[in-house]
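The values are calculated or read from the model by the stated rules, or taken from the named source; none is laboratory data. Note that the coordinates shown come from a computational prediction; the quantities given were computed from them, not determined experimentally. Backbone-built Cβ (ideal geometry, glycine too); neighbour counts: all protein chains shown.
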Amino acid sequence: MDRNSIIGIVLISIMLLTYLTFFSEGPQAPKQAAADSTQAVQQATPQPELLKPANPEAEAMALPDSIFNRKYGIFAPVMKGEAQDVVLENPDVRITFTTKGGRIKQVLLKNYVTYQKTPLILIDELSSRTTAKMTTTLGEIDAHQLYYAIAQKNDNQVVFRAYLDSIRYIEQRYTLPPEGFVVSWRLNADALGNLLANRLVRFDWTDRLKQQEKDIEQIRATATVNYYQVNSGMEKLSETANEPQEERATEPVRWIALKQKFFNTALITNASFSEVVVRSNPPTMPTKEVKQLSMQVSIPLDDLKDDSKDIRFFYGPNDFRIAEKVAPGFEENVYLGWAIFSTVNRYIIMPLFELLEKVSDNYGIVILLLVLIVKTALFPLVYRSYQSMAKMRVLKPELDQLKAQYGDDMQRFQQEQMKLYSQFGVNPLSGCIPVLLQLPVLLAMFNFFPNAIQLRQKTFLWADDLSSYDSILDLPFHIPFYGDHVSLFTILMTLSTIAYTYYNNQLSPNIDPNMKIVSYLMPIIFVFVLNSFSAGLTYYYFISNIITIIQQLSIRSFVDEAKIRAKLEENRKRFNDPNRKKSGFQQRLEEALKAQEEARKNKNKKK
């Protein structure tokens, strides 16, 4: 491995560390305590209650009828009642509604389970609360706290009506399609007539996210509120902020998603929402609650009854292929990295991964096949890099002579080194450019694997969930910047990287000792960076390193360095030919060398 290749790899490593630290949506902080210790604290400490819906019924039932009727007036008939559950379901989701509020009470995702293998209830009465407040001439009412009758019910639709009298009522209608995770919502209050002071509904939704995955710190580091503005696209609150956040949209919004790692709940419209405010609050004490997220929007009543505006809820997975059919930009809830890396993931890695899923249902095999295909496609770059290293090796006698001649005068040595490269027709950047060209694929993987719901709870060898870390040993203590577990795939990846680095260093004896130290230090740093990352990612890189070493050994077996030396000698002869035509690179290099030489001479004259 020549000096330029080492510099390229170091630059890549620094970029990776910077990207993972400040921009990646992977785990941002290690776990703070062992799972057993946390559970013990939770059992010993009274847990804060989750949100309970406001219950005007308790207050109402305690009042004498005369006082009750005077207090609630025309709304008295819908302030008391008996709650009744109604269910709509399709193959993907089971939604339970309640006549108290005519609202969604519970959502069960049928094809998913929690990390504890229990049914995955995305929201329930204790974790989620919605309000739909309207202003009337008699004061503000919350349509999600009134008592409704079931006016209509069939396989995919339920209609609730809250009758104030024989004429005036409020109606809510929910429609669930034969498949999918979207339910349409209509609210019609036209029958209230002049009781309405305005035609706006202030809709509030607060969700205390439930722990669905085993690593709660990782889930907290990816939980946030995303919202999609009509003109400027998606915005979001910071995932890693330790303080409460609040943000007001600066333009109309198409959808708002209360997002966690693999699932989200969202409010969507074909029109737009105004006066949108979103909030995020981290838990205030040790708890299994992930984070509290909320939204507040103003919705015209005319939009809520208009089928063309299609206001709807989404309760489902962060699956790219599902999300891209829900609403414009909704697939951005699945984070695939910056623009270039997102493009690589969307148009290369994801289609290839989906194709390989049809080959095998073992995701360890799928990832292995993905590595083989990617490494085969990148083989020409690996070959070019190896050729550059070989050229540097055959020039070792000349480079050693320059070192002996100029000693500690590093500036002069570098000038003469560049002259030597020019004479032999060697491009000093040809070693690191092929390495840098592989960077988009390298970083694309850092965002694909941790966010691929396809890997969720998929097992391989000792890893019980390829979307999370693979622990072979849970430590009884916490190591700063590392965690409280030992990930074997991360260790294997690190050892294979060190082996690959050692092999390349043996091929390049002219490497500066300090550069060698750096080349060995970077893999060790990644032990700490990747210990809590997806096992699928570290397994991918472990296999990728092994295949790269095999490729290097195979290239070495048929690359003849004697022929390379002969080719370089021919280049030097052409260089010394006074009638030769110089390439653009050679001209720029000679001009740069002349400028450096002049600068050196001027510096010596001043001395």
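Go through segment 357-376 and give me each residue that's outside any helix (DSSP H, G or I) and not charged (D, E, K, R).
VAL359, SER360, ASN362
Can you tell me which residue in segment 137-181 is farthest from THR99 (Cα to Cα), limited to those that are more than 40 Å from the chain's Cα centre (by Cα) and among the hydroxyl-bearing types (Ser, Thr, Tyr)?
First pass over segment 137-181, keeping only residues more than 40 Å from the chain's Cα centre (by Cα): 137-140, 147-152, 161-170.
Checking which are among the hydroxyl-bearing types (Ser, Thr, Tyr) leaves us with 137, 147-148, 163, 166, 169.
Values: THR137: 25, TYR147: 6, TYR148: 5, TYR163: 12, SER166: 19, TYR169: 14 Å.
For segment 137-181, the residue satisfying everything is THR137.
Restricting ILE268, ILE322, ILE348 to those that are part of a strand (DSSP E or B) and within 25 Å of the chain's Cα centre (by Cα) reduces the list to ILE268. Note on segment 201-258: enclosed strands (runs of 3 or more DSSP E) holding 3 or more residues that are hydroxyl-bearing (Ser, Thr, Tyr) are 224-229. The set of residues in segment 142-184 that are without any contact (Cβ under 8 Å) to a residue 24 or more places away in the chain and either touching a helix residue (DSSP H, G or I) at 6+ places or on another chain (Cβ under 6 Å) or on the phi > 0 side of the Ramachandran plot (or both) contains only TYR169.
Given the condition surrounded by 14 or more Cβ atoms within 10 Å (Cβ to Cβ) and within 30 Å of LEU553 (Cβ to Cβ), answer yes or no: does some residue in segment 404-416 qualify? Within segment 404-416, none of the residues are surrounded by 14 or more Cβ atoms within 10 Å (Cβ to Cβ) and within 30 Å of LEU553 (Cβ to Cβ).
Residues in segment 458-485 that are in contact with a strand residue (DSSP E or B) (Cβ under 7 Å, 6 or more places away or on another chain), surrounded by 22 or more Cβ atoms within 10 Å (Cβ to Cβ) and among the hydrophobic types (A, V, I, L, M, F, W, C): LEU466 only. Put simply, of ASN545, ASN504 the only residue that is of a type outside the set (Lys, Arg), modelled with pLDDT under 85 and assigned by TED's automatic domain parsing to the domain that holds THR459 is ASN504.
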